[in-house]
Amino acid sequence: MADPAGGSLPRYIGQRLLLMIPMIWVILTLVFLLMRVAPGDPVSASVGGRLSEEALDARREAAGLNRPLWEQYFEYLGDAVRLDFGTATDGTPITEIIVDNGGATLTLTMAAFLVALVLGIPLGLIAGRFRDSAGDVGIRLFGIVTYAAPVFVTGILFKILFVEKLGWIQYSSDIATAPTEFLISENEITHIALLDLALVGEWAAFEEVLWHLVLPAVTLGLLICGVFIRLVRVNVLQALKGDYVEAARARGVGEGRVLRKHALRNAMVPVITIIGLQFALLLSGAVLTEATFNWPGLGFRVYQGILDRDYIAVQGIVTFLAIVVVVISVVIDIVGAMIDPRVRY
Amino acid sequence: MAATESVSTDTRRRRGVLRALLSPIRETSGLARWILLTGMFITAFFLVLAIFAPWIAPYGFDQVEANGVEFPETAPPSDEHWFGTNVMEYDVLSRVIWGARTAIEVVILAIVLSLAIGVPLGLVSGYIGGWLDRVLVLVMDALFVFPSLLLAIVAGFLFSNVAGGSIVSAALSITVIYIPQYFRVVRNTTVSAREATYVEAANAIGAPRRTVMARYVFPNVVQSVPVIGTLNAADAISTLAALGFLGLGIQPGDAAEWGYDLQRAIEDVDAGIWWTALYPGLALTLLITGLTLVGEGLNETINPTLRKRRLRKVTLPPRQPETAEEAK
């Protein structure tokens, strides 16, 4: 874990930010190597067999794939610095895909995160406080199963149960058949369908989008919730063993206050640091959730890219998501250093 | 990752391998023991399915007819097909059973490969240090922050082009994710072990670097690896299924794979057909839960910050030397 005790906080922040650069460079290089060194180039993988050899060559020429590898590598790095991740096979620039579909992914992950926080933290706290009670066992099993169940299994089972069998969630037909068009709003103000619809005042459509959000958000939220339960529980257990907790108890502080003021606050520090790592899980989960529910976010585009064998689309979106994860994990490290009660500046 | 020096390797060796395997069970109590046992039971169940799949499964995993009669498409569960048939006319029950074999084969292969690469790399990197260590740490850290599924997707894309959608290519795509984990653990423990007195002593008597690494450092840093292996097994099965679900996994004619079957079942769900998704989904979840429980149970035993050792009841032994030894 990051230990900022050695220097001042601004210096620590500067170091973390600087370390981001080689990290992103390595990620870009890895993706480039894995995607380009593979035998079979992007063009023949996606449209090979459907076009003549000459047409394929022309396409390779246009994509710059006949040039030396190192030249391609530097161009790729240069483009990435300018946030240009190439162009998908259907001619859409990856940047445009990120802007158009990113909103849906953001909406889904935020909603899922909310579900996870609201469920996970109280449950973890209860389980940690009443260790080995029936409640602890139940909560832990719940956490293990929701974490263990792959999101696409949970998602499909939810669909079977709530849409098909119980009929609690009904989609209006026009959006059920074409959620993609619906969720990528035509009122492009923020590129986030929910916000745009609210801003324009189309409340019926807003409600419909919300209905569509419920199952994906709960599905993905449950996955992350399992992690929160485990983390909060373990950290509460460890915090409750801490000297400061014993000291508080010795001073006659009530058990509820010990839990809230002393144990929880210290337990939250590692939790917040680990949320940075959970963000990677959240995005991985989002890819699968989007593929399960046809939720038109970036993960859905990755899924489509895989099915169409569209190298550039998969490479571009994956690289973008990986960079997002690196940036977020750095930000969270810094936040973690700032709120740690044991570190004062 | 806690080192498990408390259970001395000496006593383990003396009591044999089986005892060593069972030692976590003996050391736990109450809930942790129950969790461990349940997990082991579930895992054992799937191991049996995997090993005896040809005898347990009513049909082959890619069989679409029996006795000259073609199987129906997406037929509901019946006497001939207990779990129904799917859109490819395969028998769902047989696919579920054969799927256990695929999952376990891929996971064993993937973990063995990541161990074979990650552990030596970590050992050398941590012991030798210098620029090699810095470069490797940077690369491994980058791999580690890379969202694991996305990394597997990139690798899966590569390997499915090179090796086709086979068991080996699936295992290789998963291997990439786990190498950094073993590397990190082994490297970090090696860095601290390098300063330990026994290493200093070995150096002082003039043992060559190789010997120090292989005979002195390795046995001491490798102890936490089995636990990570167990924890990874659950995750690896989930990744394999996710790759299959996204269309990067094993081809349906090569082996039965739950993730692939689930992908094919999504459209069925909208048509009210539930059996093609439910059974592979349950099998997948159950196996992952089982392995997670084993990992959880082991963690509870081995992680000293969580450990609540069973207080052994002290019964005064009768005056016979053998039983006194046993009750220790």
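Just so it is clear, none of the values below were taken in a lab; they were calculated from the coordinates. As the structure is a computational prediction, the values presented were derived from the model and not from experiment. We place every Cβ from the backbone using ideal geometry, glycine too, and count neighbours over all the protein chains shown.
Among the residues of B:240-247, the average count of other protein chain beta-carbon atoms within 10 Å of the residue beta-carbon is 5. Karplus-based coupling profile of the range B:202-217, in residue order and whole Hz: 4, 4, 5, 7, x, 5, x, 3, 4, 5, 4, 5, 6, 9, 9, 6, with θ = phi - 60° in 6.51 cos²θ - 1.76 cosθ + 1.60 and x standing for Gly or Pro. Residue by residue, the range B:142-147 carries 3J(HN,Hα) couplings of 5, 5, 6, 6, 4, x Hz when phi is fed to the Karplus relation 6.51 cos²θ - 1.76 cosθ + 1.60 (θ = phi - 60°); x denotes Gly or Pro. For A:G242, nonlocal amide neighbours, meaning residues 5 or more places apart or on other chains whose placed amide H falls under 5 Å from its own, do not occur.
Highest mean first, what order results for A:23-34, A:68-79, A:119-130, A:311-322 on Cβ atoms within 10 Å?
On the way: A:23-34: 18.7, A:68-79: 12.6, A:119-130: 21.3, A:311-322: 25.2.
Output ranking for A:23-34, A:68-79, A:119-130, A:311-322: A:311-322, A:119-130, A:23-34, A:68-79.
Our coupling estimate for the range A:282-294, obtained by passing each phi through the Karplus curve with A = 6.51, B = -1.76, C = 1.60 and θ = phi - 60°, is 4, 5, 4, x, 5, 4, 5, 4, 4, 5, 6, 9, 6 Hz, Gly and Pro reported as x.
So, counting K/R as plus one and D/E as minus one, what does the shell of residues with Cβ under 14 Å around B:I273 add up to? Walk me through the numbers before you get to the answer.
Working: positive: A:K159, A:K165, B:R264; negative: A:E164, B:E73, B:E89, B:D261, B:E267, B:D268, B:D270.
Cβ neighbours under 14 Å give a net charge of -4.
Close amide H pairs (under 5 Å, H built 1.01 Å from N) link A:T87 with A:I94, residues at least 5 positions away or on another chain.
Neighbours of B:L93 by Cβ distance under 13 Å: Lys/Arg scored +1, Asp/Glu scored -1, total -3. Note on B:T211/B:E65: beta-carbon distance plugged into 1/(1 + (r/R0)^6) with R0 of 45 Å gives a FRET efficiency of 0.15.
Take each residue in A:152-164, count the other chain C-beta atoms within 10 Å of its C-beta, and the mean is 6. For the pair the range A:86-103 / the range A:124-153, the C-alpha centres are spaced 40 Å from each other.
Per the Cauchy relation, a quarter of the hull surface: what is the mean projected area of the convex hull of the alpha carbons in the range B:74-219, in nm²? Please report the intermediate quantities before stating the final value.
Details: hull surface 47.9 nm².
The number I arrive at for the range B:74-219 is 12.0 nm².
Per residue of B:138-146, other chain Cβ atoms within 10 Å of the residue Cβ number 6 on average.
When the alpha carbon gyration tensor of the range B:27-150 is reduced to an equivalent ellipsoid, its three semi-axes come out at 43, 21, 13 angstrom, largest first. For B:A66, the residues whose amide H sits under 5 Å from its own are B:F71, ignoring neighbours fewer than 5 places away on the same chain, with H placed 1.01 Å from N.
With unit charges on the beta carbon (Lys/Arg positive, Asp/Glu negative), name the residue among B:I167, B:F218, B:V112 whose Cα is farthest towards the positive pole of the charge dipole of the range B:68-225. The listed residue farthest towards the positive side: B:F218. In terms of its C-alpha gyration tensor, the range A:75-127 comes out prolate, because a/c is 1.5 or above and the ratio a/b outweighs b/c.
If each residue of separation counts as 0.36 nm, what is the full-extension length gain between B:V112 and B:E200 once their alpha-carbon separation is subtracted? The partial results should precede the final answer.
Working: separation 88, 0.36 × 88 = 31.68 nm, distance 3.12 nm.
Once the chain is fully extended between B:V112 and B:E200, it gains 28.6 nm.
Binning the C-alpha pair distances of the range A:230-319 at 5 Å intervals from 0 yields a P(r) profile of 3, 13, 16, 13, 9, 7, 7, 8, 8, 7, 5, 3, 1, 0 %, listed from the shortest bin outward.
Taken along the Cα-to-beta-carbon direction at a fixed 7 Å, the label points for A:Y244 and B:V87 span 5.5 nm.
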